[in-house]
Amino acid sequence: MKYDELSLDFELASKGAWTLKAYSAKKSLWLLLVLLVIGGLIGSLLGSAFGEHLPILRQGFPTIGLAPTALDLVVIKLTFGLQLSLNVAGIVGFLVALFVYFRL
């Protein structure tokens, strides 16, 4: 590990002695994306499941993204598109995922 990638942290141990803890300052972007997807999915599922009891969890926002677009190259046909439909529980799931990412 390079010295510029290492971050040092002083922590007070339970017995009153100071300890030096080293950890990597760089985190994987892929880990963040995976946690955000999982957090959003779990949040949306919980919002759908408990939305009857807590209607605010189902409160939705307008869909954002790119509409599906087809590209026909005769040999292969590709379709591109990305749409994001959020509800309150999904946003809470994103926030929990961010919290978990920064606590790692």
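The values are calculated or read from the model by the stated rules, or taken from the named source; none is laboratory data. Quantities reported herein were computed from a predicted structural model and do not represent experimental measurements. Here Cβ is always computed from backbone atoms with ideal geometry, including for glycine, and neighbour counts include all displayed protein chains.
A few comments on the model shown:
- Qualifying positions in segment 52-66 - without any contact (Cβ under 8 Å) to a residue 24 or more places away in the chain and under 23 Å from the mean Cα position of the chain (by Cα): PRO62, THR63, ILE64, GLY65, LEU66
- Every listed requirement among (1) surrounded by 10 or more Cβ atoms within 10 Å (Cβ to Cβ); (2) closer than 25 Å to LEU98 by Cα; (3) modelled with pLDDT of 90 or more; (4) hydrophobic (A, V, I, L, M, F, W, C) is met by LEU84 save one, (3).
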